[in-house]
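The values are calculated or read from the model by the stated rules, or taken from the named source; none is laboratory data. Bear in mind that the values here come from a model prediction, so they are computed numbers and not experimental data. A quick note on method: Cβ atoms are made from the backbone with ideal geometry, for glycine too, and the neighbour counts reach across all protein chains shown. Ligands, DNA and RNA are excluded from the accessible area calculation, which covers all protein heavy atoms including side chains. Shrake-Rupley method; radii C 1.70, N 1.55, O 1.52, S 1.80 Å.
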Amino acid sequence: MRFTQFFNTALISSACYAIGSLAQAVAGPQGNNNTAVASSIFVSGNDDIAFALNVPNNSATDLYFSILLPSQRAWGAIGLGSNQMAGALMLVVYSAKDGQNVTVSPRLATGHTEPSFTPDINIQTLPGTGLFNGSAYLFNGKCTNCRSWSSGSGGKNRTIDVKSKEQSFLYAAGPASRNVIKSDDKNAGLKMHSSYGTFTMDMLRATGPAGVPVISQDGKNPGRVGTEQRLQVKGKSDRAATAHAIIMIFVFVGLFPFGTLVLRLGNWVRWHAINQGFGGLLVIIGFGLGAHISKLYNRSKNFNSAHQVIGIFIFIFVLGQFALGFFHHRIYQKTQEPKKIGPVTMGTIHVWLGRLIILLGVINAFLGFNLAQSSHWNLILGGLVVFVFPVIAVILVTKHFISKRWNSRDKNDPKNGTGFDLEPWRQTAETQQQASYQPNINFSRPPAAGPQVSQMPGATGLSGVPMGATPGYQVHIGTGPGALGPQQAAREYV
């Protein structure tokens with residue numbers, strides 16, 4: 001993480017070095033009478049955006065401006081007329097589709113959310129606009145109605161006080177991203193800014209002959225002329241979006257597949273329930289974060305993207321899956337039989353719904369990175385999927401193969417009633433008791449005097465009468481320990 005931040009900072013610093021060199025390399029636009037253009041110039045504290053403004057003294061509506069943005073920045077913006085986002089007019093710039101030009105998008109901000117494009121502001125692109133030296137984008141423009149605008153939604157009109165020596169402005173710059181916006185669409189989606197702040201501008205100093213101001217350096221205050229920075233925030237990121245991604249990937253690529261492995265590998269129902277229940281709780285948290293994030297961006301405010309629609313279905317399925325698993329287990333504990341819902345059992349529905357949830361969750365993770373304009377993370381996600389699921393499959397297949405071998409071996413085991421017992425000393429207590437079975441034979445009265453052959457239990461003569469017993473005696477076979485079975489009717493031997 002530190003290396004990435006250092007690398008991005010180095011790229012931005014090298015690109016922003018163009019701010020100073022533009023003073024010599026770019027031919028400075030002049031006024032109509034070949035005099036220098038009056039302007040006030042602002043350069044942010046970490047050199048991620050620069051802004052220059054000219055207020056023509058012969059017009060009550062026009063403004064000329066110039067914005068310089070390092071090419072590694074996803075986007076940059078200057079907010080007019082306020083030190084708060086709500087109601088501010090934002091001049092947003094980013095790379096055009098061809099990568100050589102610049103797109104400017106006037107947008108209205110309604111709060112701490114992505115500002116929305118407004119067609120009511122008229123901006124004209126002037127010469128000098130484009131990619132400079134491969135390291136920075138420069139936009140030169142003229143706005144014919146930027147001194148006053150409606151803040152929207154019934155709000156009051158906002159204005160710029162061209163007589164103020166401390167007129168408030170905002171600035172923001174997008175992250176240094178691999179996915180730098182390249183679009184001609186004025187409604188192009190923006191990622192959350194990584195730096196922002198406020199500054200004041202001396203509008204009297206910026207007033208003079210009409211023309212595009214030049215972003216240059218001042219010996220005493222390099223880069224700034226007639227401006228003062230008031231607030232500077234760096235290292236900003238959408239932590240809610242990061243948490244949402246981490247939680248959901250951990251659940252659908254980690255916890256839920258592991259819960260399936262726990263059940264199939266060791267039949268540990270209790271641990272399976274605990275694991276999946278914890279995963280369900282994380283899904284609820286992740287869903288709440290996703291709903292919060294969706295309200296921040298124009299591309300997701302309407303909840304109609306594929307990622308959001310599938311996510312809503314997954315959330316419903318997870319809640320249903322938890323209830324299904326709970327009731328299935330309770331009913332089976334009571335009846336020892338699976339509960340049927342139509343032609344299939346509740347357990348079958350639970351198993352296949354779980355598989356569907358995991359599949360949809362993995363697919364939706366890829367769609368989520370695309371929606372967040374962070375598609376480069378799909379490579380890492382793909383690597384996790386390719387590693388985790390084959391490993392689980394190999395473990396389950398190996399377990400199935402071993403179980404099958406054990407079952408085949410048990411069928412031929414003499415202790416299971418077939419074959420010859422080559423190891424009788426390994427018999428269990430139960431099999432030994434069965435092997436040493438002795439019938440419990442009782443006589444109705446003592447036998448007559450004579451040889452007590454009946455001391456040999458179970459001995460019988462050729463006629464089937466116990467040896468030592470006198471004909472006519474009744475023999476009963478009981479049900480006590482070692483007996484053959486339930487008490488039978490008396491049998492008389494003659």
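Each pair of Cα atoms in the range 229-270 enters the Kirkwood radius, and Stokes-Einstein at 4 °C and 1.567 mPa s then converts it into a translational diffusion coefficient of 98 µm²/s. Between Leu379 and Lys156, the C-beta separation translates, for a Förster distance of 56 Å, into a calculated FRET efficiency of about 0.70. On the protein heavy atoms, probe 1.4 angstrom, tell me the percent of accessible surface of the range 246-384 carried by carbon and sulfur. That share works out to 74 percent. Distance between the pseudo-spin-label points of Leu296 and Ile402 (7 Å out from Cα toward the beta carbon): 4.6 nm.
R0 = 35 Å: FRET efficiency of Phe313 with His112, Cβ-based, nearest 0.05?
Approximately 0.75, to the nearest 0.05.
Using the Cβ of Ala372 as centre and a radius below 14 Å, the other residues enclosed give a net charge of +2, where K and R count +1 and D and E count -1.
Using the Cβ atoms and a cut-off under 13 Å, what net charge is assigned to the surroundings of Asp185, where Lys and Arg are +1 and Asp and Glu are -1? Intermediate results must be reported in sequence, preceding the final value.
Working: positive: Lys97, Arg107, Lys182, Lys186, Arg299; negative: Asp184.
Value of the local net charge: +4.
Distances between placed amide hydrogens fall under 5 Å for Leu89 paired with Leu80, all partners being 5 or more residues away or on another chain. Across the range 120-172, Cα-Cα pairs more than 13 Å apart make up 73 percent of the total.
Just to verify a number: FRET efficiency for Arg178 and Asn83, C-beta to C-beta distance, R0 = 41 Å, to 0.05? Efficiency, from the Cβ-Cβ distance: 0.80.
Between Asn187 and Thr348, the simple spin-label model (points 7 angstrom out along Cα→Cβ) gives 4.7 nm.
Suppose all protein chains stay in the model; what accessible area per residue would a 1.4 Å probe give for the range 54-187, in Å²?
Numbers: 5480 Å² over 134 residues.
Accessible area per residue, the range 54-187: 41 Å².
Once the piece of chain linking Gln229 and Ala243 is laid out straight, how much longer is it, given 0.36 nm per residue of separation minus the C-alpha distance between them?
Values: separation 14, 0.36 × 14 = 5.04 nm, distance 3.21 nm.
Result: 1.8 nm gained on full extension.
The modelled label-to-label distance between Ile284 and Leu360, using points 7 Å beyond Cα along the C-beta direction, is 1.9 nm. For the range 293-413, what is the convex hull volume of the alpha-carbon atoms per residue, in Å³? With only Cα atoms used, the range 293-413 gives 138 Å³ per residue. Just add up the charged neighbours of Val351: K/R +1, D/E -1, any other residue whose Cβ is under 15 Å from the Cβ of Val351. Result for the local shell: +4. For the range 191-340, lysine pairs with C-alpha atoms less than 27 angstrom apart, excluding pairs fewer than eight positions apart on the same chain, total 9. At q = 0.18, 0.21 Å⁻¹, what is the log10 ratio I(q)/I(0) for the range 36-151, with the Debye formula run over Cα points and no solvent? For the range 36-151, the Cα-only Debye profile gives -0.96, -1.29. The Stokes-Einstein estimate for the range 262-359, based on a Kirkwood radius over Cα pairs and taken at 37 °C with 0.692 mPa s viscosity, is a diffusion coefficient of 216 µm²/s. Quick one: Cα centre-to-centre distance for the range 90-124 and the range 367-396, in angstrom? So the separation of the two Cα centres works out to 34 Å.
Quick one: Kirkwood hydrodynamic radius for the range 316-363, alpha-carbon pairs, angstrom, one decimal?
On the way: mean 1/r = 0.0893 Å⁻¹.
Radius from the Kirkwood sum: 11.2 Å.
The value obtained for the range 162-204, namely the Cα convex hull volume divided by the number of residues, is 106 Å³ per residue.
In Å³ and rounded to a whole number, note down the convex hull volume per residue for the Cα atoms of the range 198-270. Don't skip to the end; give the middle numbers.
Values: hull volume 13.4 nm³, N = 73.
Measuring per residue, one finds 184 Å³ for the Cα hull of the range 198-270.
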